[in-house]
Amino acid sequence: MSGADLANLVNEAALHAVRRNSPTVSMEDFETARDRVMMGQERDTMVLKDDERERVAYHESGHALLAYVLDKTDPLHKITIIPRGMALGVTMTLPEEDRHIMGRPELEDSLCMRMGGRVAELLVYGDLSTGAADDLQRNTELARRMVREWGMSKEIGPMAWGSNNQVFLGEDLMHTRDYSDHTSQVIDDEVERILREQESRAIEVLTLHRRGLEALTRALLERETIDGAEAARLIDEANGEPVHPAGTKTVSSLSGSTPAPEPAEPQPVAATSPVPAPVPAPSWQPPTLPAV
C-alpha cells in the first residue's frame, strides 16, 4: 500500500471504532477497514436467492481451493460470500512481501486460480453463469500481455507486438499497426492456448480435490466468511493429509472469520443407564437444483 492507502485505512479503522462506540481502535477495526478498502463495502441490503447463494459459494470455493493448492499463488487469506462492492463474493489472497517481477509459473498459477470459479460451477452444475465475467476479462488481458509484451510464447518468440496505442482486440481501430493479419491471428491463437491450458489445470485440480471443494462450500453456506487457516484445515482434512506440510500457504485472518461452532459438552450417563450405540454421521450430498 502507498502512504495515502495506509492513511485511508487508518481513517476507516477509526470510523469503524466510532460506529461500535469504542474509545480505542483495535486490530478488529483495522481488519474490517482493510477488507472495506481492498474488497469493497458490504452490501447488506442485497439478498440472494438460495440457489444463487449456493452457486456463489461453489464459485468462491473454487478460487480458494486453487489459491491454496497451487504452489505459486499468493497465500490465501479470506473467503466470503457476502456481497461486496460489485462482487457477489470475494476470495482474498495477500502476498507475503512486495514483488516487482513475476515469472511464468506465478503468472500461470494466477491464471489457473482465476479459472477456479468458472470451473467449479461447471463441475457442479454442468453449465456456466455470468459470475465469471471479471475473471475472464482479467485472465484474457494477462494472457495477452504474456504473449504480446513479455515474450512468453514459443510461437511468437522474443518479440513485443503492439504498444498501448496500437490496435488489437478491443482497442481503437483508427490507430495504425506494424504487424500482419497473420501475426495478429497467431497472437490470438496463443492467448487462447494459454487460457485453455490453465482451464484444463483447474479442472484437474478441482476434480482431484472435489471433497475439499464440497467442504469449503458447506462452511461458506453456514458461516458466510472463513479465513485462510480454516480453509486450509478443511482442504487438508478432505485430502487426508496436508497439501502443504509446512503450512506456508495461508495467512490467518485477524478477526474477520466467523468461528466454527464449539462441540457440545458430553452429558454424564448414570451408572444404571445403558450406553447408547453411536449414531453414524449422515453423509452430506450437495442439493439438487432445477436445471437452468
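A few notes on this one:
- For Glu97 and Ser184, a Förster radius of 41 Å and the Cβ-Cβ distance give a FRET efficiency of 0.60, rounded to the nearest 0.05.
- When Arg53, Arg148, Arg138, Arg99 are sorted by how many other C-beta atoms sit within 10 angstrom of their C-beta, beginning with the fewest, the order is Arg99, Arg138, Arg53, Arg148.
- Here's how it looks for Thr93: its modeled amide H is under 5 Å from those of His77, which are all 5 or more places away or on a different chain.
- With all pairs of different C-alpha atoms in the average, the Kirkwood value for the hydrodynamic radius of the stretch 40-239 is 18.0 Å.
- Extension gain, Asp71 to Ser200: 0.36 nm times the residue separation minus the Cα-Cα distance gives 44.8 nm.
- Whole-number D in µm²/s for the stretch 173-244 (Stokes-Einstein; Kirkwood sum over Cα pairs; 4 °C, 1.567 mPa s): 83
- Distance between the modelled labels on Ala4 and Ser26, one decimal in nanometres: 3.3 nm (7 Å Cα→Cβ projection).
- With each label modelled as a point 7 angstrom along the Cα→C-beta vector, the Glu241-Leu128 pair spans 3.6 nm.
- Here each label is just a point 7 Å from Cα along the line to Cβ, and for Met86 and Val47 those points are 2.7 nm apart.
- Residue-wise HN-Hα couplings along the stretch 193-199, as the Karplus relation 6.51 cos²θ - 1.76 cosθ + 1.60 with θ = phi - 60° gives them from phi, are 4, 4, 5, 5, 4, 6, 5 Hz; Gly and Pro carry x.
Every number in this text was worked out from the coordinates using simple rules, so none of it is lab data. What you are looking at is a predicted structure, and each value in this text was computed from that prediction instead of being measured. Cβ sites come from the backbone with ideal geometry, for glycine too, and all protein chains shown count toward neighbours.
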